[in-house]
Ligand code: GLN
């Protein structure tokens, strides 16, 4: 096999889920919801089966592109549908980065960014967030220092997995300005765009629409991570090329799921679905955070996503899944080296019963 297959190393997320299943552990590891998707999505997909069963155009099924274009306030040509945000990121890095070129990535990072940069022949340059008692903070000066003449892309993720960080308007403005000054593209992974707990965050593309590619996910928004429907919204002149590139990965995303998602995105917006989702996640975030604090643990409260980071001093993720029967993701999964000690990511896209059970099990070992 070619040496590039070293990228085939198994991701920790499915590995932890398999262990959790095998050991009967509560799975607060991999981020997928326990609750089923909303009925309006299931019904829309049901109606699509038998009607939308053949290939969709590689750029996406027209009603889905139109629904997204309307929502983002862009022309339909600015939208390309992908098989999940994962394919969107792969296609973007293949299209924007070449051998010897660099992508600046914030650390802690979602695991897919590094292999994607590597498979494009490029390299990720990491900029570590500061971990302060108040939480994770972006150091804009460090971001600028990380740029070299070989930098092509700055990749941001907000609301951010695993930290739950949401960037301030001044930070987004500064990043956009930096990209403009250095002639860089911006990739903004916004798969958790509807999952925030304070004010609605601004989008990076608002500050640099001419160079920003926004990545989104129906799986995250509609609680159906198995549907593999994602999208890229970007400058219209580049989008036919991105659609062309994705012909060679999955060609098109599953047609009936695109049709169902197109309908469901409109219903979700009209029926206040996202507000209800945020409220339900805020309740679960607080239940978990309060429970961990009551055990004397240090918690970094997220401003978005369905992840929370907290410290469990002296404990190991593989010991925890076996002995405490709680699956968590160790911070090491999000760092290339020297992860902060004792830090774990908890996914709270689970039921309140699962969260309470996990707290109960943890109370016996901390
Ligand atoms: N996004 C999910 C997480 O962070 C997992 C994604 C995956 O397993 N590929 O847990």
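What follows draws every value from the coordinates through simple rules; no lab data is involved. As the structure is a computational prediction, the values presented were derived from the model and not from experiment. Here the Cβ is made from the backbone with ideal geometry for all residues, glycine too, and neighbour counts use every protein chain on show.
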message = Under the 0.36 nm per residue contour assumption, what length would be gained going from the current alpha-carbon distance of residue 141 and residue 55 to full extension?
response = 26.3 nm
inquiry  = Taking just the alpha carbons, could you work out the radius of gyration and Dmax for region 39-270, both in angstroms?
reply    = 17.4, 54
task = State the antiparallel share, in %, of DSSP beta bridges confined to region 39-270, rounding to the nearest 5.
result = 35
message = Could you tell me the calculated FRET efficiency between residue 294 and residue 181, based on Cβ-Cβ distance and R0 = 45 angstrom, to the nearest 0.05?
response = 0.40
ask   = Got a sec? How would 182, 130 order by Cβ neighbour count within 10 Å, fewest to most?
value = 130, 182
inquiry  = Using a 7 Å offset from the Cα along the Cα-to-Cβ direction at both residue 123 and residue 72, what is the distance between the two label points in nm, to one decimal?
reply    = 3.1
Nitroxide proxy distance, nm - points 7 Å out along Cα→Cβ at residue 337 and residue 360 = 4.4
note = Per the rule of 0.36 nm per residue minus the C-alpha distance, extending residue 43 to residue 210 adds in nm 56.4 nm
Order of 225, 148, 82, 212 under a 10 Å beta carbon neighbour criterion, fewest first = 148, 225, 212, 82
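Full extension from residue 267 to residue 134: what is 0.36 nm times the residue separation minus their Cα-Cα distance, to one decimal in nm? Mind dumping the intermediate values first?
Working: separation 133, 0.36 × 133 = 47.88 nm, distance 3.74 nm.
Roughly 44.1 nm would be gained on extension.
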remark   = On the formula 1/(1 + (r/R0)^6), with r taken between the Cβ atoms of residue 287 and residue 17 and R0 of 25 Å, the FRET efficiency rounded to 0.05 is 0.70
Relative contact order (percent, whole number), region 39-270, Cα cutoff 8 Å, 6+ residue spacing = 32
ask   = So, in Å, what gap is there between the alpha-carbon centers of region 297-366 and region 90-123?
value = 27
inquiry  = Please compute the modelled spin-label separation between residue 10 and residue 35, points set 7 Å along Cα→Cβ, answer in nm with one decimal.
reply    = 3.1
note = Quick note on 12, 329, ordering by fewest other C-beta atoms within 10 Å, gives 12, 329
ask   = So, in Å, what gap is there between the alpha-carbon centers of region 151-183 and region 226-249?
value = 21
inquiry  = Can you tell me which of 113, 306, 273 moves the most in a GNM of the chain? Springs connect C-alpha atoms under 10 Å apart.
reply    = 273
remark   = In a Gaussian network model of the chain with springs linking alpha carbons closer than 10 Å, the residue among 114, 165, 295 that fluctuates most is 295
